[in-house]
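What follows is calculated from the coordinates using simple rules that are stated; it is not laboratory data. These numbers come from a predicted model, not from an experiment. Heads up, the Cβs are rebuilt from the backbone with ideal geometry, glycines too, and the neighbour counts pull from every protein chain shown.
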Amino acid sequence: MDRLLELQEIDSAIDRLEARKRLLEEGGDLAAARAAMEEAEGRLGELRLALDALTREQQRLEHEIDSMSRKAEAEERRLYDGSIANAKELEALQHEIANLKERRSRSEDELLEQLVRRDELEARAADAQAEVDGARARVEEVGGDAVRELEQIERELAERRAARAALVPELDEELLALYEELRPLKHGVAAAAIVDGVCQACREKLSAMELDRLRKTDGVKRCEYCRRIVVFA
Ligand SMILES: [Zn+2]
C-alpha cells in the first residue's frame, strides 16, 4: 500500500482511539450508571424515612391504646367495688368508661390502617433495595469495563504511535508537511485513494480528463473536489 495511505490509516486509528479514550475518561457511561444509582438510593432513602415515621406513629398509637385500656379497667373496678354510691357519680363514671372505649376503638382502627400502610411501604422499600443493588452492580461493572478498555486503548495507541514513528522518515518531507496541514482542515482525512476514478474521501467521481492529467503528474496529486491528496490504488 502507498505509504501516505498507510500513514493516513494509522492516524485515523489514533484519532478514533483518542476520541474513545476521552469519552471513557469523561466517564459518560459510568456517570450515567452513577446517576441511576443515586436516584435509586434517593428513592430508598425516602421510603425508609416514611417507614421510620410510621414506626413512631405506630408506637404512639400502641401506647395510647394501652393507656386507655388501663384507665378503662381502673374505672370499671371503681364502678363495681362499691366505692361510689352516688347515682349521678356512677352515671358519670359509666359515661367516662364508654367514652374511653370509643376513643380506644378509634385509635385501634387508626393503628390497623397504619399496619396496612406499613405492608405497602415495606414492599416498595424491598423493590427499591433491589433496584439499588442492581444499580450498584452496574456501576462496578461499567467502572471495571472502562478501566480494562482504557488499558487496551493505551496499548493500541502505543503500537500505532510506534508504527507511525517508523513510517514518517520514509515519506517525502514536503508531502508530509502538506498532509499535516490538511489533516485538521479535512476532519482528520488528508489523503485518500482513487478507486475506479472515485475519490474515496469525498466520493466524487473525477472526470476522465482530470484523471488523465493526474496520472501524468509527477508531483502531489489532489482531488479536484475536496482538495485532499489522492493516490491511485
Ligand atoms: Zn475528493
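Among the residues of region 9-35, which ones are closer than 26 Å to residue 134 by Cβ, surrounded by 14 or more Cβ atoms within 10 Å (Cβ to Cβ) and charged (D, E, K, R)? Can you show your working first?
Of the residues in region 9-35, the ones closer than 26 Å to residue 134 by Cβ are 23-35.
Narrowing further to those that are surrounded by 14 or more Cβ atoms within 10 Å (Cβ to Cβ): 24, 27, 29-30, 33-34.
Those that are closer than 26 Å to residue 134 by Cβ, surrounded by 14 or more Cβ atoms within 10 Å (Cβ to Cβ) and charged (D, E, K, R): 29, 34.
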For this session: Spot the failing condition for residue 84; the list is (1) touching a residue at least 60 places away in the same chain (Cβ under 8 Å); (2) surrounded by fewer than 16 Cβ atoms within 10 Å (Cβ to Cβ); (3) of a type in the set (Val, Ile, Thr), and only one is missed.
Result: (1)
For this session: Would you point out the residue of region 186-210, among those that are surrounded by 15 or more Cβ atoms within 10 Å (Cβ to Cβ) and assigned to a loop (DSSP other than H, G, I, E, B), that is farthest from the chain's Cα centre (by Cα)?
Result: 206
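Consider residue 160 carefully, then state whether it is within 16 Å of the ligand (Cβ to nearest atom), part of a helix (DSSP H, G or I) and among the basic types (Lys, Arg). Outline the logic, then answer.
On the way: within 16 Å of the ligand (Cβ to nearest atom): no; part of a helix (DSSP H, G or I): yes; among the basic types (Lys, Arg): yes.
Taking the combined requirement at face value, the residue does not satisfy it.
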Exercise. Out of 196, 172, 218, which single residue is closer than 16 Å to residue 6 by Cα and either touching a helix residue (DSSP H, G or I) at 6+ places or on another chain (Cβ under 9 Å) or more than 10 Å from the ligand (Cβ to nearest atom) (or both)?
Worked result: 172
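Residues to consider are 149, 224, 204, 210; find the one that is of a type in the set (D, E, K, R) and away from the ligand (no atom under 16 Å from the Cβ). Steps first, answer last, please.
On the way: 224 fails: away from the ligand (no atom under 16 Å from the Cβ); 204 fails: away from the ligand (no atom under 16 Å from the Cβ); 210 fails: away from the ligand (no atom under 16 Å from the Cβ).
Just one listed residue meets the conditions, 149.
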For this session: Run down 213, 124, 183 and say which single residue is free of Cβ contacts under 8 Å to residues at least 60 places away in the same chain, in a helix (DSSP H, G or I) and of a type in the set (Lys, Arg).
Result: 213
